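Data block below; observations after.
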Amino acid sequence: MSEPDKFEDDLLYAITRTGEGFRPEQTDQAGLVAGGYRRGRRRWRRRSTAAVVGGAAALALVGTGAVYLTGSTSASSGSGTVAAASSGAASSSTAAVTPASAASATASPTATAVSGDEVLAAFQALLPKGQVTAGQGTGTEATPGKPGGAGATLVFDDGKGKAAMGISFSRVASNDPNLAQDACPDKKTVPYDACTTTSLPGGGSVTVLQGYEYPDKRATTKWWNARLIGQDGRQIQLSEWNSAAEKGSPDSRPTPPLSPEQLKAIVTDKSWDGVIAAIPEPKPVKPRDTSKEYSADEILQIVAKLLPNGLTETETMSNGFGYANFVLDDGKGKSMVQLNVQDWSHDDKTKEELFGNAQTLPDGTKVVVRKGSDKPGVGMWSVDTLHPDGLRVVISSFNSGTQQAPATRKAPVLTNDQMQAIAAAPVWVLKR
């Protein structure tokens with residue numbers, strides 16, 4: 001992994017807690033930091049959905065919103081009426097997909113592939129009474145270039161308005177960090193109305209998040225999601241919107257049709273055991289060496305000593321490596337601050353792109369200052385530094401206590417000079 005990718009990987013991990021990186025979409029690091037949530041949320045939802053794609057199209061969860069793939073698939077598009085199931089979700093016997101008996105998701109070489117039609121039918125059977133249209137499914141059949149997985153998408157109407165829905169299935173390696181990412185996201189970076197995480201008997205968890213299609217709420221479309229991570233490595237995600245399409249379509253109802261309890265009931269249903277068993281076991285993840293990285297706690301401890309007198313870190317985010325955030329309040333309004341600390345000693349091309357015209361301090365540290373917008377709303381001010389030993393330290397401040405909430409002040413608590421003093425401090429040294 002290149003240093004730029006690793007830098008972005010850490011930021012994404014910290015913001016969305018997926019422990020998984022992404023490839024840079026731009027070299028403007030200020031844009032990266034500001035858009036970290038957008039790409040993080042996309043990755044958080046897209047990781048499993050990508051497994052659904054294969055030769056089919058999906059509700060591709062891109063940008064600040066989710067877009068399901070809608071191309072052709074081996075499963076036929078379908079419409080029909082589904083009968084009401086008890087308590088809003090069918091019992092496991094109602095819609096069981098049983099190509100193989102699999103109470104757990106151990107890779108079974110004898111498991112029978114599950115077709116897209118079967119996945120779609122099982123999904124429909126677990127829904128409450130209503131009309132289903134535009135149904136498409138993708139099965140577990142092996143296809144060159146297709147990641148292991150399955151899923152289905154449809155539009156559901158219980159008589160109160162159409163709602164786009166999609167469910168996806170994949171498997172996570174036993175040593176994949178995703179197995180431990182079972183907590184609700186940091187609300188300073190991921191705005192939502194409600195989120196709960198429930199431990200499952202025998203291990204694993206389900207996180208149900210009630211959020212929005214756009215983090216800045218430019219549209220009122222809501223996005224609700226249930227994500228199950230099983231002890232056996234199964235990953236099941238179910239998403240729904242209060243619109244017939246997740247983007248570009250007006251709201252058709254106040255909220256998505258399925259309640260948090262119904263979302264949880266569907267992703268935990270035993271109907272999916274056969275689907276999971278038919279998905280090939282993923283290869284183990286290459287362990288990441290974090291011994292030379294700054295942990296979030298280390299970052300917070302260092303910054304606490306560098307803050308101007310009278311300011312104290314509150315609402316800290318202290319999980320992971322290379323990234324931390326917190327809130328400052330000088331009595332005139334909250335201000336979120338975030339830092340990313342990363343080894344860039346081996347990257348040359350991107351360093352030149354970002355620091356080619358930087359100011360150079362007497363000790364050799366390069367500094368780039370990016371001022372926030374003067375327009376109304378939340379703005380971000382950043383100071384990007386590259387120390388002589390190759391350690392990159394970026395500090396960003398917002399004129400609000402979160403990345404998305406309305407501005408609470410004209411400018412952040414920290415001035416650009418104060419941020420530079422923190423990011424360029426000699427205490428930041430590359431770990432050898």
Item checked: Per-q log10 I(q)/I(0), the stretch 242-316, q = 0.12 Å⁻¹ (Debye; single scatterer per alpha-carbon; no solvent) -> -0.87
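Report, in debye and to the nearest 20, how large the dipole of the stretch 296-432 comes out about its Cα centre when Lys and Arg carry +1 and Asp and Glu carry -1 on their Cβ.
Values: 14 positive and 16 negative charges, 71 e Å.
Dipole about the Cα centre, nearest 20: 340 debye.
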Check: Which lysines does Lys283 reach when only Cα atoms under 20 Å apart count, and residues fewer than 8 places away in its own chain are ignored?
Finding: Lys146
Item checked: Rg over Rh, two decimals, the stretch 335-432 (C-alpha only, Kirkwood Rh) -> 1.01
Notebook entry, point to check: So between Leu200 and Lys286, what do we pick up on full extension, going 0.36 nm a residue minus the alpha carbon distance?
Noted result: 28.3 nm
Next item on the list: Report the label-to-label distance for Ser249 and Thr360 in nanometres (one decimal), using points 7 Å from each Cα along the Cα→Cβ vector.
Entry: 5.7 nm
Notebook entry, point to check: At a probe size of 1.4 Å, how large is the accessible area of Tyr192, to the nearest 10 Å²?
Noted result: 30 Å²
Item checked: Alpha-carbon gyration tensor eigenvalues x 5, square-rooted, for the stretch 170-286, Å -> 27, 16, 13
Note to self: Please enumerate, by chain and number, the lysines with C-alpha under 16 Å from the C-alpha of Lys247, excluding those fewer than 8 residues away in the same chain.
What the structure shows: Lys162, Lys217, Lys222
Check: If you average 1/r over all unlike Cα pairs in the stretch 297-343 and invert the result, what Kirkwood radius do you get in angstrom?
Finding: 11.1 Å
Margin query: Using 22 Å as the Cα-Cα cut-off, could you pick out the over-long pairs in Lys160/Lys188; Lys305/Lys431; Lys187/Lys305; Lys305/Lys371; Lys371/Lys410?
Written below: Lys160/Lys188; Lys187/Lys305; Lys305/Lys371
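The values are calculated or read from the model by the stated rules, or taken from the named source; none is laboratory data. Since we're looking at a predicted model, the values are computed, not measured. Counting neighbours? That spans all protein chains shown, and the Cβs are built from the backbone with ideal geometry, glycine included. Heavy atoms of the whole protein, side chains included, go into the accessibility calculation; ligands, DNA and RNA do not. Shrake-Rupley method; radii C 1.70, N 1.55, O 1.52, S 1.80 Å.
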